Amino acid sequence: MAAGSSTKISLFENLETYPPDSHHALKEIYTADPHDPKVLLGAGVYRDDNSKPWVLPSVEQAEKIVRETQTSGRYDYLSTQGYAPFISAARQVLFGASNAEDTRIASIQTISGTGANSIGAQFVARAVKPAAVWLPDPTWANHLTIWDLAGVKVRKYPYWEPTQRRINFDGLISALETETTEGDVILLHACAHNPTGVDPTKDQWRKIADVCEARKLFPFFDCAYQGFASGDLDEDAWAVRHFIERGTMEIFVAQSFSKNMGLYGERVGAGQVVPRRLPCQEVRVTGRNARGMV
């Protein structure tokens, strides 16, 4: 062997081994179990009486429309933003028809909610440069990994009070008011909080928004269950729309259709960036004596 040459077997030999995702590991055990009948309760998915994926009638109808109307062009390259009709529809579902055309919004199609969260974390880490991201305790396990990979320090704010089985709202507000610093990211579940399923009331959401404004925090919404909490898409989008309508904060929304549409394997998601509404400023038009307002 030549002097100074590497003795490594592989460049990847020092990679860490991570434990498998608990839900997927449970599914593998379930699949391998010969016992029959059996029921898998580890993942929140639509199933029929035979434990097979149940396809929503709306999804079946949409697939029929795609088969009958789409040409081979659907297999061509998309723009870097993604499929324009999908992006437009995703905006309408999340923001409502009246807000979907807001020119402040920038959208991109992603690989489901995990992709939206990952792209959003990487983007916010570079653009905002937060000192920390604040995650609710508890939260979806992937949030910790996603923000850790983005290089942002992960901290947690109180969310769940197990004894009373309710949100620890006083602890939540206290942590955000006293421990956060300007520019920190606060991750918020838009609805159907995972894993507790319990959401703030509208008055509590208003208070959270007040603190985010006062502390100059960056709200990062994970919207994975729109329609699940109340059965109404608009009602479940209330918190996101409230923050946007204030117009005083920049926000990111990671949007997923895996759960509410039963599209677990289709990987359908979107990342939505909404800058704050700029105040009117008096500006001088270049080369002219006239003045304009923007």
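The values are calculated or read from the model by the stated rules, or taken from the named source; none is laboratory data. These numbers come from a predicted model, not from an experiment. When we count neighbours, we look across all protein chains shown, and the Cβ atoms used for this are built from the backbone with ideal geometry, even at glycine. Ligands, DNA and RNA are excluded from the accessible area calculation, which covers all protein heavy atoms including side chains. Shrake-Rupley method; radii C 1.70, N 1.55, O 1.52, S 1.80 Å.
Can you flag which of Lys156/Lys207; Lys27/Lys129; Lys153/Lys207; Lys64/Lys259; Lys156/Lys259 are past 30 Å Cα-Cα?
Lys27/Lys129
Where the convex hull is taken over the Cα atoms of the range 71-129, what is its projected area averaged over directions, in nm²?
Approximately 5.1 nm², given one-decimal rounding.
Hey, what's the chain come to in accessible area per residue, 1.4 Å probe, Å²?
Per-residue value: 62 Å².
Just how large is the dipole of the chain about the Cα centre, in debye to the nearest 20, putting +1 at every Lys and Arg Cβ and -1 at every Asp and Glu Cβ?
Taking the Cα centre of the chain as origin, the dipole is about 980 debye.
Extent of the chain along each principal axis, from alpha carbon coordinates, in Å, largest to smallest?
Answer, in whole Å and largest first: 80, 63, 60 Å.
Counting only C-alpha contacts under 8 Å and six or more residues apart, can you give the relative contact order of the chain as a whole percent?
18 percent
Return the Rg/Rh value of the range 177-236, two decimal places, where both radii are evaluated on C-alpha atoms and Rh is the Kirkwood radius.
1.01
Tell me the carbon and sulfur percent of the accessible area for the chain, rounded to whole percent, probe radius 1.4 Å.
C and S atoms contribute 53 percent here.
Taking H placed 1.01 Å from N in the peptide plane, check which residues at least 5 places from Phe218 or on another chain put their amide H under 5 Å from its amide H.
Excluding prolines and chain starts, which carry no amide H, the hits are Gly183, Asp184, Val185, Ile186.
Can you give me the P(r) profile for the range 24-156? Cα pairs, bins 10 angstrom wide beginning at 0, each as a whole percent.
9, 23, 30, 27, 10, 1
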